[in-house]
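Report on one structure; see the data block that follows.
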Amino acid sequence: MNPNFDHAPAAGTDRERERIRLARRGLLVFFSMLIPLSTLGYILALKIPIFVLFLMWTPGLSSILARLLLREGTADISLKTGGRRTWRTLPFILLFPAVIGLFAYGTAWIAGLVDFAAPDFFIKAPPAIVFIGLLLLQMVAGTAVGLIGSVGEELGWRGYMLTRLIDARVPRPMLASGMIWGVWHLPVMIAGLYYSGPYPVLSVILFMVSVTSFGFIIGRLRLTTGSIWPAVFLHSSWNAIIQDVFDASSKGGNALLWTGESGILVAIALLAAAWFMSRRPMSLRPF
């Protein structure tokens, strides 16, 4: 794999051309499965919210079906742990959502843009203690429970689509991967099942910035460790910490304008984090 995949040279050998052909064929089959399955997921989730879990699994199911139909095997999913390089990402996986949350939501709370209100919890204590207790609980238990859905998404997005975008010589595959991931969320966002602020067009733009930036960060973990598991755990950790702690602690009419995945401050924080990580050298491991 060429480390400079964003500027990969034109294929010159028969082997490279065959790799490109197979990757493009895989993407075609993957999206041919993903679109109808996701459409079914959107319809079911609108009627019965529990089917959001099925929707989250549509990328994974699409990748599994593509692998079976094309007889691609499963070696490139990279289900191996990746050794110490992967384990060293664990503090980042657990702390990154908290750092983004403290910066974005903390700024909103301190500036009075959003009201801080600790959610109900099984312990009775001052709001700050309740917040910290809930944060620690979601870092561990919430992340573990969230794996049920994040595994389904990451098997498809980073376990299949991203690596084939790279092999297919799609320009800026990390950017393309993040944008596709964001667009996939838009139907449920527009339908009101996902976080959206008072200005729909602005919410869509900010959401795309947030998800594309976060997609770059998750994709980088996937590629630098050679394992899908850091992507799975970071995805789950983000949902548990941001949605179930920081969003749950933010109230007020402008909460979804400034915070949340379609909020101004979260978009700025994630874009800055992605830019910072993009400036660091990237040592890739084989898919």
Matching residues in region 190-207 - criterion: being in a helix (DSSP H, G or I) and buried (at least 20 other Cβ atoms within 10 Å of the Cβ):
Ser203, Leu206, Phe207
Taking region 23-48 as the search range and keeping residues that are of a type outside the set (A, V, I, L, M, F, W, C) and without any contact (Cβ under 8 Å) to a residue 60 or more places away in the chain, which one is surrounded by the most Cβ atoms within 10 Å (Cβ to Cβ)?
Gly41
State which residue pairs qualify: first residue under 15 Å from Phe276 (Cα atoms) and inside region 85-102, second residue surrounded by fewer than 19 Cβ atoms within 10 Å (Cβ to Cβ) and hydrophobic (A, V, I, L, M, F, W, C) in any location, beta carbons under 9 Å apart, and separation of 6 or more residues or different chains.
Phe96/Ala273; Val99/Ala273; Ile100/Ala273
Of the residues that sit in region 68-84 and are at pLDDT 80 or above and in a helix (DSSP H, G or I), which one is surrounded by the most Cβ atoms within 10 Å (Cβ to Cβ)?
Ile77
Return only the number of the condition from (1) in contact with a Gly (Cβ under 8 Å, 6 or more places away or on another chain); (2) modelled with pLDDT of 95 or more; (3) farther than 19 Å from Met56 by Cβ that Gly182 does not satisfy.
(3)
Residue by residue through region 208-238, note down the ones that are among the small types (Gly, Ala, Ser), crowded, with 20+ Cβ neighbours inside 10 Å and not in a helix (DSSP H, G or I).
Ser227
Consider Ser250 carefully, then state whether it is within 12 Å of the chain's Cα centre (by Cα) and of a type in the set (Gly, Ala, Ser).
no
Could you pull out the residue among Leu53, Leu65 that is in contact with a helix residue (DSSP H, G or I) (Cβ under 6 Å, 6 or more places away or on another chain), in a helix (DSSP H, G or I) and surrounded by fewer than 16 Cβ atoms within 10 Å (Cβ to Cβ)?
Leu53
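Matching residues to (1) under 19 Å from the mean Cα position of the chain (by Cα); (2) under 26 Å from His185 (Cα atoms):
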position	(1), (2)
Pro59	yes, yes
Ser63	yes, yes
Thr74	no, no
Arg84	no, no
Pro91	yes, no
Trp109	no, no
Kindly check whether there is at least one residue in region 95-112 that is modelled with pLDDT of 95 or more, among the hydroxyl-bearing types (Ser, Thr, Tyr) and closer than 28 Å to Gly215 by Cα.
yes
Can you spot a residue in region 260-273 that is more than 18 Å from Leu95 (Cα to Cα), free of Cβ contacts under 8 Å to residues at least 24 places away in the same chain and surrounded by fewer than 24 Cβ atoms within 10 Å (Cβ to Cβ)?
no
Could you tell me which residue of region 90-105 is farthest from Gly226 (Cα to Cα), considering only residues that are surrounded by 21 or more Cβ atoms within 10 Å (Cβ to Cβ) and not aromatic (Phe, Trp, Tyr)?
Ala104
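Here's the yes/no breakdown for (1) modelled with pLDDT of 95 or more; (2) farther than 10 Å from Ala104 by Cβ; (3) among the basic types (Lys, Arg):
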{"site": "Ile241", "(1), (2), (3)": "yes, yes, no"}
{"site": "Asn254", "(1), (2), (3)": "no, yes, no"}
{"site": "Thr259", "(1), (2), (3)": "yes, no, no"}
{"site": "Leu265", "(1), (2), (3)": "yes, no, no"}
Of (1) within 19 Å of Ala269 (Cβ to Cβ); (2) touching a Ser or Thr at 6+ places or on another chain (Cβ under 8 Å); (3) modelled with pLDDT of 95 or more, Phe131 satisfies all except one. Which?
(3)
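The values are calculated or read from the model by the stated rules, or taken from the named source; none is laboratory data. Keep in mind that what you see is a predicted model, and the values were worked out from it rather than measured. Backbone-built Cβ (ideal geometry, glycine too); neighbour counts: all protein chains shown.
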